[in-house]
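Derivation of every value follows stated rules applied to the coordinates shown; laboratory data play no part. Here the structure is a predicted model, which is why all the values come from computation and not from measurement. All Cβ positions, even for glycine, are placed from backbone atoms using ideal geometry, and neighbour counts span all protein chains on display.
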């Protein structure tokens, strides 16, 4: 099934207790697309970069089956840049620098051949931009997944609540779920958020796993335990890409398929954090992915 990915393609500079990078490739759509390529031979990208973005990275995306016709390249402008420093616990970080650059005036254009996509992944962007993409689709996709963050809740809550009325799955972290709902209990938070429009809610809890909700059920997947975590940047986007690509690959949207998609997404995210940036995602072999998924299932199996 066809998957359209909307989000940032960017540069990052990252510092963690285990190392530091100069400017490297990042962005939500980059992680989502590379994660999705583990299952899908083809996906479609809508994003924007500046003239400074390397052509070889665009070619890399294309080699992974990502159609970049919807990637705008702005002449004379610079690509979105983010720099952050992680604390010892790797769950908290400080933003050192954010340069919106081309993202400041991004007006997404969905090529005609993308407008019948059956699965739509709206990566973390201004809600008005996410809505513009939805408005350009020829028909409502079979599944719409939206990711957001607390910044948009702080400054564009009315736009976000409007966008939520049109999505099937919302993915946010536990802090964002509490802010969006006004509830501390994640169970109560989920109940309130599901009344805003989404049919399903995924609450990501970092090293503590992820929770999947619909109005009648709750599913919990632990994170895969790792001895070494070098860089958590992009793990949530990798999770989102793994989740939506699993559903698109199997073309099945049920509670049980959602659970399996969360397990697949959890395994994908565990690879992302093992190296800096997108490096580890480029190395994953199908055999080691299946091995990790089996190991993850074994963590919670009871005779």
Quiz item: Is the stretch 98-106 home to any residue that is part of a helix (DSSP H, G or I), at positive phi and more than 18 Å from the chain's Cα centre (by Cα)?
Solution: yes
Quiz item: Just wondering, is there one or more residues in the stretch 280-298 that are without any contact (Cβ under 8 Å) to a residue 40 or more places away in the chain, within 20 Å of the chain's Cα centre (by Cα), more than 26 Å from residue 143 (Cα to Cα) and not in a helix (DSSP H, G or I)?
Solution: yes
